[in-house]
1. Please find the FRET efficiency linking Y284 to V128, where r is the Cβ-Cβ separation and R0 is fixed at 30 Å, and quote it to the nearest 0.05.
2. What is the calculated FRET efficiency for E314 to Y139, with r their C-beta to C-beta distance and R₀ = 30 Å, to the nearest 0.05?
3. Which of the peptides 206-215, 128-137, 31-40 is most tightly packed, and how do the rest follow, going by the mean number of other Cβ atoms within 10 Å of each residue?
4. Taking amide H positions as placed in the peptide plane 1.01 Å from N, state which residues far from D206 in sequence (5 or more) or on other chains have amide H under 5 Å from it.
5. Hey, got the dipole for the range 12-311? About the Cα centre, +1 on K and R Cβ, -1 on D and E Cβ, debye to the nearest 20?
6. Please state, as a whole number in µm²/s, the translational diffusion coefficient that the Stokes-Einstein equation yields for the range 125-236 at 37 °C and 0.692 mPa s, with Rh defined as the Kirkwood radius across alpha carbon pairs.
7. Which order do the peptides 291-302, 95-106 come out in when sorted by mean C-beta neighbours inside 10 angstrom, highest first?
8. So between D88 and H177, what do we pick up on full extension, going 0.36 nm a residue minus the alpha carbon distance?
Amino acid sequence: MYRYALILPLMAAPALASEDIPDQYPQSVLYEKPVQVIPNVYSAIGATAPPTYENAGHNNNLSFIVTGDGVIVVNSGANYALSKALHDEIKTLTDQPVKLVINENGQGHAMLGNNYWTEQGIDILAHVDAAEEFEANSYQILEGMKGYARDNAEGTVAQGPTITFEDSYTIDMGEMHIEVLHLGPAHSPGDIQVWLPEQKLVIAGDIAFHERMPPIFADTCTSCWLETWETAFEPLGATYVIPGHGHPTNMPMVRKGTYDYLTYLRGKIGEHLENGGSLDDAYYVDQSPFAHLDTFEELATKNAGVVYAEMEFE
Ligand SMILES: [Zn+2]
C-alpha cells in the first residue's frame, strides 16, 4: 500500500478523510469537532471507518441547523455520550435551544443517542419505516454498540422517534425553510434527506456516501436506490451535500462514490451471472476502481455477494 505516501503531503487539506487518521478531537468523545459547512449549518464528521471503541461509534455525520429560533439536530449518534458531546458543542456556538432531532434512518448510529434528547423533552422525527426497523432490532443494535463502545455506552436506552412521517415533513423555523423528505428506497429502510431549498444544501443521509465504500445490506434494493437517485435525489439540484458518511462535498463527488459504484458493481455481477458464474466466485469480481475508498477491505466482497443474491432473481 502506498496510501501513506499519497496522504502525508495532503494532510493540511481539511476535507480529506482516511480510516487511518486517528481521532481528530481527543478532548471530546466526538471523532471530529463540528465544522460550519455553510452559514448556520454545521456537521461533526464521523470516522470513515467501522465503529470502534476509539471512535465511540462516531462513524457517521452528526449535523445541526441553527435556524434563528432554535436548533435542529440531524442524527443522535450511536450513544448517549455522543448526543451529549454534540449538545455541548452546540451550546458553545449558540444560546438557541435544540427544538427537534431528526434521525436519518433506523440504524444505531442515527438513533441510539435519542434518549439523551427525549430526557430533555425534545421530540425526535423519523420516517415511519425507520421507526419500525429500529423497534424490531433495537435490542440487538444496542447490545452490539455496548460491545464496542463499552463505557461510552453508559446511559443509552433504546428510544425510537416520537414523531413519524411518510413522504415529507416541512419545518419553518427562524429564517429557515426545511423540507424533510423520503425520496424513495435507498440504502436502508426509512432513509430521509433534509433539504434546504433556499441554501441548496442537502443533508443526504445514507443515500449518499463519500470517501468510504457504501455497505449494501441484504434488504437493500440497489436498483431501487439507483432509481431514487435518478428520479428524485439528483433532481433536487443540490449545490452542497452533507453525505451520510464522509466530508461535506457536492453532487458529482457523491455520485462518483455511490451511484457510480452501485452501477459498476451491478454491471460486474450482471456479466458474471450472464457467464453462468457462481456465488462463490461472485465475491471476487474486480472492484479495483473503488479500492481507494475506506472500508473497501471490510465491504467489497460482502457487497458483491449481496448484489449477486439480489440480481440472481431480477
Ligand atoms: Zn450510516
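Rule-based calculations on the coordinates, nothing more; no lab input. Given the structure is predicted, the values throughout are model-derived calculations rather than measurements. Using ideal geometry, Cβ is built from the backbone for each residue, glycine included, and neighbour counts are taken over all protein chains shown.
1. Numbers: r = 39 Å, r/R0 = 1.29.
The calculated FRET efficiency here is 0.20.
2. Details: r = 34 Å, r/R0 = 1.12.
That gives a FRET efficiency of 0.35.
3. Working: 206-215: 26.0, 128-137: 18.8, 31-40: 17.1.
Order by mean packing, descending: 206-215, 128-137, 31-40.
4. Amide H neighbours of D206: I192.
5. Numbers: 13 positive and 42 negative charges, 108 e Å.
Computed charge dipole of the range 12-311: roughly 520 debye.
6. Values: Rh = 15.7 Å.
In µm²/s, the coefficient is 209.
7. Values: 291-302: 16.9, 95-106: 21.9.
In descending order of packing, they fall as 95-106, 291-302.
8. Values: separation 89, 0.36 × 89 = 32.04 nm, distance 2.51 nm.
29.5 nm is the gain from fully extending D88 to H177.
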